[in-house]
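Note sheet for the following structure.
The values are calculated or read from the model by the stated rules, or taken from the named source; none is laboratory data. What you see is a predicted model; the values in this text were computed from it and never measured. Here Cβ is always computed from backbone atoms with ideal geometry, including for glycine, and neighbour counts include all displayed protein chains. Please note that ligands, DNA and RNA were not included when accessible areas were found on the heavy atoms of the full protein model with its side chains. Shrake-Rupley method; radii C 1.70, N 1.55, O 1.52, S 1.80 Å.
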Amino acid sequence: QVQLVESGGGLVQPGGSLTLSCAASRNSSDIYGMGWYRQAPGKQRELVAEISRGRSAIYADSVKGRFTISRDNRKRTVYLQMNSLKPEDTAVYYCKADSGASGYWGQGTQVTVSS
């Protein structure tokens, strides 16, 4: 089992920035891909960004150039730096980690972009 603890969500004005963090538990087995997903009210959960253990990253088109995903393998932590935030970025953001054949999810953290 892998436990994931997210932090960093909150309320921000349009054009502002936030950084999300997600730390995996100490007793986790080897973690491979890590990523961020989001789910807005009434919409399906969607991929925001993923990063491999070797730090190769992919992004949703809607966040390219604004969001940056990174990870610290020693700390088992993945980060999402979000800049130039828009109201349409408002959602619950979930961390995901792949370990073995299983995927694990965090509890989610709310990001609200509003003036």
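Annotation: residue 46 carries an accessible surface of approximately 80 Å², with a 1.4 Å probe and no ligand, DNA or RNA atoms counted. Please tell me the relative contact order of the chain in percent, rounded to the nearest whole number, where contacts are Cα pairs under 8 Å and at least six residues apart. The value is 37 percent. Rounded to the nearest 20, the size of the Cβ-charge dipole of segment 43-89 about its Cα centre is 300 debye, with Lys and Arg at +1 and Asp and Glu at -1.
Over the chain, one equal point on each Cα, no solvent: what is log10 I(q)/I(0) by the Debye formula at q = 0.22 Å⁻¹? Scattering profile of the chain, log10 relative to I(0): -1.22. Taking the centroid of alpha carbons for each part, segment 43-71 and segment 72-88 are 9 Å apart. For the chain, lysine pairs separated by 8 or more sequence positions, or belonging to different chains, with Cα-Cα distances below 22 Å total 6.
Rounded to the nearest 5, the antiparallel percentage of DSSP beta bridges internal to the chain is 90%. Ranking 99, 115, 70 by solvent-accessible area of protein heavy atoms (1.4 Å probe, all protein chains present), from largest to smallest, gives 115, 70, 99. Per residue, the accessible area of the chain comes to 54 Å² when a 1.4 Å probe rolls over the protein heavy atoms.
What a 1.4 Å probe finds exposed on the chain is 46% carbon and sulfur by accessible area, rounded to a whole percent. Think of the chain as a dipole: +1 on every Lys or Arg Cβ, -1 on every Asp or Glu Cβ, centred on the Cα centre; then among 90, 13, 69, 69 lies furthest on the positive end. What longest range of the chain stays clear of loop-exposed trypsin sites (Lys or Arg not before Pro) (DSSP non-H/G/I/E/B, at most 16 other C-beta within 10 angstrom)? Here the longest segment lacking exposed loop sites spans 76-115.
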